[in-house]
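For reference, the structure discussed in these notes is given below.
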Amino acid sequence: MTAPFRRPLTRARQLVDAGLAPPEKLEALEAVAARYAVSITPTVAGLIDADDPDDPIARQFVPDAAELVTSPEERADPIGDDAHSPIEGIVHRYPDRVLLKLVHVCPVYCRFCFRREMVGPSGHGTLSGDALAAALAYIRDTEAIWEVILTGGDPLVASPRRLGEVMQALAGIDHVKVVRFHSRVPVVEPGRIDDALVEALKASGKATYVVVHANHPRELGEEACQALARLADAGIVLLSQTVLLAGVNDDPAVLGALMRRLVENRIKPYYLHHGDLAPGTSHFRTGIGEGQALMRALRGRWSGLCQPTYVLDIPGGHGKVPIGPSYIETSPDTERLIRDTDGGRHSYPPGTDQDG
Ligand code: SF4
């Protein structure tokens, strides 16, 4: 493992000096860093095995020249946020919930990020006070909104004071019952999860969920687990989201170990995302068939608690759908065949329902 650093590494030269990339790659790294934001926190730097050229942690955070190759199907806004943004800071794609994008900065910049054109120091920045007030007014005025999802960027980089203010504002909106945060912070900058931040997250009195983004079992080190325990002990419900990434977790043993580690830390695996069509990320994407095979392997080997839903955000903003394997086959005589996790087929009576 590399030596820990006190500040995030944000420049190509720092990555080389820290031994996280070889000097001969400096020029290529600088070209990528000029295009997409870079940041590696001390915690993440400490997880990287710099002697392993295929290290799965480094692959997620150290820039790669392949990011400058954009394939024809890739797009700047792969999941269509802009098409569903009625007002700055809000994405309203489904009737019962909105995204509230408080900030567009993150403690780390994932090389496969689906919002990579929006996040970073030169991205969409932080929501101004006026824009936040207008976004909260939109939520207040739209009674169908049952859940507010703070995402970004990473909302947990905001100060406890600011988060507390947002939560207090949401506390005053009766129809909002659930507040959900999507964050990498507990894993990549666990020191931020202190008492003040935990109190801020609870300030609304609503049901609070934190969806932790983690892609490899080694990300859940001792410090991260302590931070997660602070959240769970405070009554905050923890879920996880993982991005299926070639060379990182496209292996049943790795994916299974990650899911177990999450569950051991009181986190229910929620989503396994198929890689989005973000620019310069084709080297991370697997085929959907590979993802389904991984899900079959998980189902066959690991506890039901360890099963996320494999999902695809349909490009263009058409929403998220499950794309996991089906275990039902219907034969011409309407007999149903159910496949077990070893591939065996078993008939099941059709009953009175109609096939859809
Ligand atoms: S933490 Fe999330 S928003 Fe930030 S770079 Fe990673 S994937 Fe993108």
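Take the conditions under 23 Å from I236 (Cβ atoms) and in contact (Cβ under 8 Å) with a residue 60 or more places away in the chain and apply them to P269. Does it pass?
no
When the residues of region 105-131 are filtered to those that are charged (D, E, K, R) and under 24 Å from H274 (Cβ atoms), which remaining residue is farthest from the ligand (Cβ to nearest atom)?
Per the criteria, the residue is E117.
Inside region 228-239, can you point out the residues that are surrounded by fewer than 24 Cβ atoms within 10 Å (Cβ to Cβ) and in a helix (DSSP H, G or I)?
If the condition is that a residue be surrounded by fewer than 24 Cβ atoms within 10 Å (Cβ to Cβ) and in a helix (DSSP H, G or I), then A229, R230, A232, D233 are the ones that fit.
Output yes when any residue across region 240-253 is among the aliphatic types (A, V, I, L, M), part of a loop (DSSP other than H, G, I, E, B) and without any contact (Cβ under 8 Å) to a residue 60 or more places away in the chain, and no when none is.
Yes, there is a match, as at least one residue in region 240-253 is among the aliphatic types (A, V, I, L, M), part of a loop (DSSP other than H, G, I, E, B) and without any contact (Cβ under 8 Å) to a residue 60 or more places away in the chain.
Quickly run through region 72-103 and pick out the residues that are within 12 Å of the ligand (Cβ to nearest atom) and not in a loop (DSSP other than H, G, I, E, B).
Within region 72-103, L99, K101, V103 meet the criteria.
If you scan region 39-81, which residues turn out to be under 24 Å from E117 (Cα atoms) and free of Cβ contacts under 8 Å to residues at least 40 places away in the same chain?
Scanning region 39-81 gives A58, P72.
Which residue out of E30, E67 is of a type outside the set (K, R) and surrounded by fewer than 18 Cβ atoms within 10 Å (Cβ to Cβ)?
E30
What's the number of the condition V44 fails, among (1) more than 13 Å from the ligand (Cβ to nearest atom); (2) within 18 Å of the chain's Cα centre (by Cα)?
Just one mismatch for V44, condition (1).
FYI, it's all coordinate maths here, none of it is from the lab. These numbers were taken from a predicted model, which means no experiment stands behind them. Reconstructed Cβ throughout: ideal geometry from the backbone, glycine too, with neighbour counts over all protein chains shown.
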